[in-house]
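All of the numbers you see were taken from the coordinates with simple rules; none came from a lab. Given the structure is predicted, the values throughout are model-derived calculations rather than measurements. Cβ placement follows ideal geometry from the backbone for every residue including glycine, while neighbour counts extend to all protein chains displayed.
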Amino acid sequence: ALRLDASYGRAPGIRLSVWVARGRAGCGRCAAITMAELPAFFFIAFSLLLLGVGPSCALELTCMCSNCVQSNYTCVTDGACMVSISNVDGKEYHLRACISHDYLVPPGKPFYCLSSEDIRNTHCCYTDYCNKIDVGVPTGQITVDSPSGWGPVELVAVIAIPVFLLCVILIVVVLFHCHQRVYHNRQRLDLEDPSCEMYLAKDKTLPDLVYDLSTSGSGSGLPLFVQRTVARTIVLQEIIGKGRFGEVWRGKWRGGDVAVKIFSSREERSWFREAEIYQTVMLRHENILGFIAADNKDNGTWTQLWLVSDYHEHGSLFDYLNRYTVTIEGMIKLALSAASGLAHLHMEIVGTQGKPGIAHRDLKSKNILVKKNGMCAIADLGLAVRHDSATDTIDIAPNQRVGTKRYMAPEVLDETINMKHFDSFKCADIYALGLVYWEIARRCSTGGFHEEYQLPFYDLVPSDPSIEEMRKVVCDQKLRPNIPNWWQSYEALRVMGKMMRECWYANGAARLTALRIKKTLSQLSIQEDVKI
């Protein structure tokens with residue numbers, strides 16, 4: 001608002017009183033200018049208008065507000081007041097609000113102030129409480145779609161049923177494919193290898209198969225196709241043992257019992273290595289576990305790695321000694337057969353069908369089985385190493401497993417063993433054999449007296465000792481299992497005790513050889529009239 005007050009009778013000219021006011025807050029100022037200054041005033045005001053520069057204080061409007069409960073249904077803005085009415089499904093919805101100056105775009109026809117034809121009627125105004133008015137109701141109406149009649153359960157069913165049917169179809173297709181593949185493999189196996197008929201005639205039993213293995217020219221086991229056929233016709237009966245490698249099952253094949261060692265898939269290297277060692281030419285021996293077959297079987301969920309061998313119902317020497325005591329005759333048979341198996345393992349057989357020297361590297365009572373006749377059979381060749389005498393090299397498989405700490409020789413514990421010298425590995429086996437002999441001799445019943453079964457160093461280290469604990473006892477303190485004085489009263493126990501000490505020397509080169517132990521025990525068996 002511009003107010004001009006003319007004062008007459010004052011010289012030299014007319015003075016105007018100019019009042020500039022903006023808003024209700026009383027923001028304004030009063031200035032007095034003369035008529036001579038009026039053109040300059042209007043020029044400055046017009047220039048400021050062109051430049052878009054206005055007074056520093058903003059215009060404030062008070063409007064009605066539908067949702068402003070706390071401020072008595074009013075609001076203040078620097079823009080415009082807005083009133084709008086909509087027709088939704090026959091109901092009128094009124095909205096009154098403030099619109100900020102920043103949202104009044106584009107100038108002259110802001111979007112917020114536009115009406116939607118036949119749906120919403122909107123009006124903007126720029127004076128206090130100007131949106132208190134009522135505007136006309138639109139003729140059209142907004143229709144809100146009613147929600148679907150499908151509930152959550154129905155939607156889940158509609159989605160799940162087709163997915164389930166699709167999965168069933170896929171499973172049927174996969175099973176059919178697997179069945180066809182197995183069938184074709186069996187057909188191909190019979191066609192590709194006629195030797196299957198020779199080895200696996202319908203009237204052949206397990207003893208016949210073992211005899212064929214023993215008398216075959218190479219002594220390296222059955223042909224691969226025969227192995228796979230045998231493995232895939234075995235029926236598993238019961239689990240008889242567990243270990244870090246996997247499980248051992250008793251299985252049936254043509255009426256005979258077999259042992260099935262099932263490796264977990266992460267132990268593939270151990271399975272492959274053990275199968276490879278067992279099929280070494282000329283390895284078969286009555287005191288080494290009889291190998292029958294190796295195969296990898298896909299059971300639909302994961303791949304099983306099978307190693308099939310002879311079954312011995314007494315289980316391991318560890319289990320046998322825990323359950324039974326032994327006589328002097330039984331002690332000699334166990335000790336002599338273990339030495340015979342180890343001597344054959346260590347021995348190199350020269351010839352076109354020769355056998356390399358093999359060191360076990362994990363000899364212990366749990367890796368020696370007891371046969372029906374009271375003899376031993378050395379098992380678990382997964383850590384074994386072979387010696388090639390032609391090149392003087394040692395075949396050590398890349399395997400993360402290490403031997404059993406309790407049975408490790410001093411040179412293995414303190415890491416002074418010469419890994420390039422094959423005799424070093426044989427000497428370490430002898431040390432472990434001496435500990436096995438100590439376990440056997442403790443269970444020897446003489447004069448009605450025997451000691452309870454214990455593991456070597458049971459009184460010096462915990463049940464699962466670390467390498468550091470074993471090194472401290474064996475290397476630093478140079479301790480060995482105790483040999484009772486009363487053993488001296490019995491010739492067999494005296495000889496056994498003497499052999500043990502000679503197996504436990506700290507210097508591996510000073511220890512007895514497997515062949516020397518075998519000869520000593522053979523002489524002892526003659527003295528004690530033991531029939532082997």
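Within the straight-line cut-off of under 24 Å between alpha carbons, the lysines reachable from LYS91 are LYS132, sequence neighbours fewer than 8 places apart in one chain being disregarded. Rounded if a/c is under 1.5, else prolate if a/b beats b/c, else oblate: with a ≥ b ≥ c from the C-alpha gyration tensor eigenvalues square-rooted, which is segment 255-305? Taking the square roots of the gyration eigenvalues as a ≥ b ≥ c, segment 255-305 is oblate.
Fewest first, what order do ARG250, ARG181 take by the number of other Cβ atoms within 10 Å? Kindly include the intermediate steps, with their values, before the conclusion.
Numbers: ARG250 16, ARG181 11.
By the 10 Å Cβ count, ascending: ARG181, ARG250.
Each label point was placed 7 Å from the Cα along the Cα-to-Cβ direction; for ARG244 and VAL172 their separation is 4.8 nm. The overall shape of segment 422-532 is oblate: from the C-alpha gyration tensor, with semi-axes ordered a ≥ b ≥ c, the ratio a/c is 1.5 or greater and a/b is no larger than b/c.
Length gained on full extension, SER264 to ASN67: 63.9 nm, using 0.36 nm per residue less the C-alpha separation. Basic side chains Lys and Arg get +1 at the Cβ, acidic Asp and Glu get -1 at the Cβ, and with that the dipole of segment 288-412 about its Cα centre reaches some 400 debye. With each label modelled as a point 7 angstrom along the Cα→C-beta vector, the ALA160-VAL235 pair spans 3.9 nm.
Ordered by the count of other Cβ atoms within 10 Å of each Cβ, fewest first, PHE457, PHE272 give PHE272, PHE457.
Over all distinct alpha-carbon pairs, what is the Kirkwood Rh of segment 319-460 in angstrom?
Working: mean 1/r = 0.0614 Å⁻¹.
About 16.3 Å for segment 319-460.
Note on segment 359-472: dipole from Cβ charges, positive end direction compared against PHE422, LEU369, ILE394; the farthest Cα belongs to LEU369. Cross-link check: pairs LYS252/LYS366; LYS333/LYS355; LYS242/LYS355; LYS333/LYS364 evaluated at a Cα-Cα cut-off of 28 Å; pairs beyond the cut-off: LYS242/LYS355.
Nearest 20 debye, what's the magnitude of the dipole of segment 384-528 about its Cα centre given +1 on Lys and Arg Cβ and -1 on Asp and Glu Cβ?
Working: 19 positive and 19 negative charges, 68 e Å.
Magnitude of the dipole: close to 320 debye.
Restricting segment 357-460 to trypsin sites (Lys or Arg not before Pro) that sit in a DSSP loop and have at most 13 other Cβ atoms within 10 Å of their own Cβ leaves LYS372, LYS420.
At ASP476 and VAL402, where each label point lies 7 Å from the Cα along Cα→Cβ, what is the point-to-point distance in nanometres? The answer from the label model is 1.6 nm.
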